[in-house]
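All remarks here apply to the structure that follows.
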Amino acid sequence: MTVPIKAIAAVAAGAVLAASAPSEASEVRDPSPFVAPIENEPAPKLIVDAPLAGPLARGAVLIPYRVENLRVLPVLGPAALDVSPRVGHLHVTVDDLPWHWGDFGGTNAIVVVGLPPGQHKVLIELADPTHHIFSGETVTFAVPGAVTSAN
């Protein structure tokens, strides 16, 4: 009795797979709703919090951030402006230095280590694939001085 049930199950599974296979006219049966163009996308938004106190006390600066209405991805160039939903990246500048780095990781945290004790600031900017800046926020903080041991 189990052999006919297995045979029927195999035929049914084959029918389901055949029905869900893409046709020759189309490579994709149903486009994903996550990559469908969005009309009138809302403006991208960058939300930046203060550095986390615990790591900062040890000299490591961890700045949490969140991005809305934009996916942080390693995509650059004018053609990427047509990608929908919108893509982009971050520009990060420390202490007004003349250079910055691009963050494409989308990790929701900027990490900076090795800063000398004292006041510092980090500018985090949200950019499109051609480096046009949508918005930016500056975070100021103090890296504590060297800890001395009491002898």
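Structure notes:
- In range of the label at residue 49: residues from the range 61-76 whose backbone nitrogen is under 17 Å from the point 7 Å along Cα→Cβ: 61-68
- Shape of the range 68-140, Cα gyration tensor, a/c cut at 1.5: prolate
- Surrounding net charge for residue 85, when Lys and Arg each add one and Asp and Glu each subtract one, Cβ distance under 15 Å: -2
Any read-out appearing in this document is the output of simple, stated calculations on the displayed coordinates, not a laboratory observation. No experiment lies behind these values; they were computed from the predicted model shown. Positions of Cβ are backbone-derived with ideal geometry, glycine not excepted, and every protein chain shown enters the neighbour counts.
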